[in-house]
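Let me begin by presenting the structure, written as structure tokens, before commenting on it.
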């Protein structure tokens with residue numbers, strides 16, 4: 001048997017190692033994505049002042065700080081038994097749309113597009129943003145940089161700081177919006193709607209216009225038949241900031257639905273000895289190992305999980321794109337891992353449209369920013385991070401110091417799926433011991449779609465991620481090691 | 001011509017936060033200097049260096065030298081293996097992209113002040129005494145660069161790129 005290990009995984013946060021084990025015939029026997037980092041963040045938080053948590057937790061990693069800030073702030077709302085004012089909710093949500101705009105833009109153009117625009121078989125030295133710009137032109141590059149910066153600017157205006165906001169406080173928000181700032185955000189949101197539409201058109205022309213890519217998206221190695229999870233509003237539309245957690249089954253029907261505070265009754269964590277990251281599963285189904293299908297409690301989160309777990313988007317243009325995606329790919333749910341990229345762009349359009357709606361809301365410049373808090377207790381806060389459902393759960397003592405912390409992050413929710421996607425892609429693509437860089441990139445594409453973040457899933461703080469792939473033969477001898 | 005000071009690093013990991021510590025002290029003592037704590041070294045750096053004559057980037061480094069020693073590097077010295085940075089581009093690749101997209105707007109000079117860290121493993125918001133002792137010298141380096149370059153032009157002030165950093 002041969003083993004292929006991919007470590008570090010390029011364009012991915014955290015640290016991981018992919019080991020691929022081959023059998024005597026040179027075909028894939030099994031594949032593992034190991035997360036070798038030790039968690040430590042939850043312990044670090046114990047004993048700290050509750051109000052520091054929204055400032056501390058965004059430092060878990062540099063990628064979704066705004067999501068951690070918001071989940072943390074919402075956990076404090078719950079722990080202090082207070083609902084934020086209507087204006088505070090809208091301001092928080094508007095800031096959150098800024099984050100989604102920049103995060104989704106960055107992922108698509110910098111991380112996802114190299115595989116599709118430049119091509120999965122292109123040499124690694126060209127499969128990057130510079131290769132993308134060579135194909136689509138420098139002007140598109142400027143639009144990408146501009147709108148990523150708009151998303152950051154929206155977050156900064158409302159949050160005080162672009163990457164690590166400081167505005168969230170239990171019961172509200174520390175700063176309001178004046179008319180000048182509101183107008184600036186409205187202009188940026190307007191431009192972002194057009195940019196999102198352009199991005200969907202680009203996806204349409206470059207990816208959907210290429211039969212080879214469509215076949216790749218729909219090919220067997222990239223299909224995973226799991227449950228899907230995401231937050232929805234009362235109309236079962238995708239909602240990043242608030243709502244019920246909805247789980248749909250393999251037929252697209254509602255299977256489970258719960259409030260943030262009830263998450264422990266619905267989701268559990270499974271531990272394996274070969275990795276520091278845990279696996280989550282649905283309690284109603286149970287842990288059956290790394291298999292998909294209705295008898296396995298594994299579910300997907302993130303852009304595709306969210307769209308699958310909902311019945312539409314809350315804004316008109318994004319809803320149209322939502323329906324077009326499902327019509328094109330054969331109805332809901334879509335189980336193709338590579339469709340995450342398309343779903344991400346549909347969400348980008350929603351985030352931009354919703355930012356525009358919120359920035360023109362008559363209440364948005366009100367000064368009613370905070371409600372008084374109650375006594376400290378226990379609370380759960382949930383948001384949809386760019387990469388999927390994010391849970392923060394705190395227990396506070398009588399003096400408002402943190403006694404206990406539990407975090408379930410997006411990548412932990414997706415970890416089982418990521419492992420299966422890697423295994424299936426490896427099985428489908430590595431035959432007869434034939435291992436090329438191009439094949440390994442196709443394996444990487446299987447998990448890059450999730451945009452996983454292992455810094456968060458192990459709650460450690462590495463800041464960047466090296467990657468190794470190792471291939472072992474049937475006698476466990478290392479036959480190939482690729483390091484990036 | 002003007003200077004942008006960019007601090008990089010995680011404030012919660014002891015000496016890794018040296019960039020943020022220096023930026024905070026610059027904001028307090030020299031509010032006229034444009035200094036931001038960017039925390040993560042990524043594409044966002046372009047939002048702050050475009051339109052500047054000089055960019056000074058302050059980050060921690062581990063080379064085995066005496067903790068607190070200051071390595072003065074040029075961009076070429078930190079051009080790491082491009083594109084391998086996780087969720088985005090590395091600092092060097094981000095700046096390269098900036099020169100590709102905005103050739104007329106990028107700094108003529110980029111200085112990297114890499115401070116040898118003693119401890120980047122612990123969860124702590126404090127610097128170790130050795131690195132703490134180096135902070136005045138780092139600030140002096142920044143002030144020397146600012147003096148050599150002169151104040152920002154009126155054009156830059158009008159462009160709206162002068163945003164107050166919030167720490």
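The values are calculated or read from the model by the stated rules, or taken from the named source; none is laboratory data. From a predicted model like this one, the values you see are computed outputs, not experimental measurements. As a convention, Cβ positions derive from the backbone with ideal geometry for all residues, glycine included, and neighbour counts pool all protein chains shown.
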Only unsatisfied item for residue A:405, checking (1) within 14 Å of chain B (Cβ to nearest Cβ); (2) surrounded by 24 or more Cβ atoms within 10 Å (Cβ to Cβ); (3) at pLDDT 85 or above; (4) over 27 Å from residue A:293 (Cα atoms), is (2)
Which of (1) under 23 Å from residue A:354 (Cα atoms); (2) in a loop (DSSP other than H, G, I, E, B) does residue A:251 not meet, given it meets every other one?
(1)
Looking at residue A:72, is it part of a strand (DSSP E or B), touching a strand residue (DSSP E or B) at 6+ places or on another chain (Cβ under 8 Å) and at pLDDT 65 or above?
no
Checking residue A:161 against (1) over 24 Å from residue B:101 (Cα atoms); (2) in contact (Cβ under 8 Å) with a residue 12 or more places away in the chain; (3) within 12 Å of another protein chain (Cβ to nearest Cβ), only one condition comes out false. Which one?
(2)
Only residues that are within 14 Å of chain A (Cβ to nearest Cβ), in a helix (DSSP H, G or I) and either surrounded by fewer than 18 Cβ atoms within 10 Å (Cβ to Cβ) or at pLDDT below 90 (or both): list them for region B:98-132, please.
B:99, B:100
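Part of a loop (DSSP other than H, G, I, E, B) and more than 11 Å from chain A (Cβ to nearest Cβ): does that describe residue B:65? Outline the logic, then answer.
Details: part of a loop (DSSP other than H, G, I, E, B): yes; more than 11 Å from chain A (Cβ to nearest Cβ): yes.
Against the criterion (part of a loop (DSSP other than H, G, I, E, B) and more than 11 Å from chain A (Cβ to nearest Cβ)), residue B:65 qualifies.
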If I filter region A:85-100 for residues that are at pLDDT 85 or above, within 12 Å of another protein chain (Cβ to nearest Cβ), under 16 Å from residue A:303 (Cβ atoms) and touching a helix residue (DSSP H, G or I) at 6+ places or on another chain (Cβ under 6 Å), do I get at least one hit?
no
Check on residue A:176, under 18 Å from residue A:90 (Cβ atoms), crowded, with 24+ Cβ neighbours inside 10 Å and more than 13 Å from chain B (Cβ to nearest Cβ)
no
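Restricting attention to region A:254-269, report how many residues are part of a strand (DSSP E or B), at pLDDT 95 or above and out of contact with any helix residue (DSSP H, G or I) (no Cβ under 7 Å at 6 or more places or on another chain). Talk me through it step by step, then tell me what you get.
Of region A:254-269, the ones part of a strand (DSSP E or B) are A:254-258, A:267-269.
Those still in the list that are at pLDDT 95 or above too: A:254-258, A:267-268.
Going one step further and asking which of them are out of contact with any helix residue (DSSP H, G or I) (no Cβ under 7 Å at 6 or more places or on another chain), we end up with A:254-255, A:257, A:267-268.
Total satisfying the criteria: 5.
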Test for residue B:159: is it more than 14 Å from every other protein chain (Cβ to nearest Cβ), over 20 Å from the mean Cα position of the chain (by Cα) and at pLDDT below 90:
no
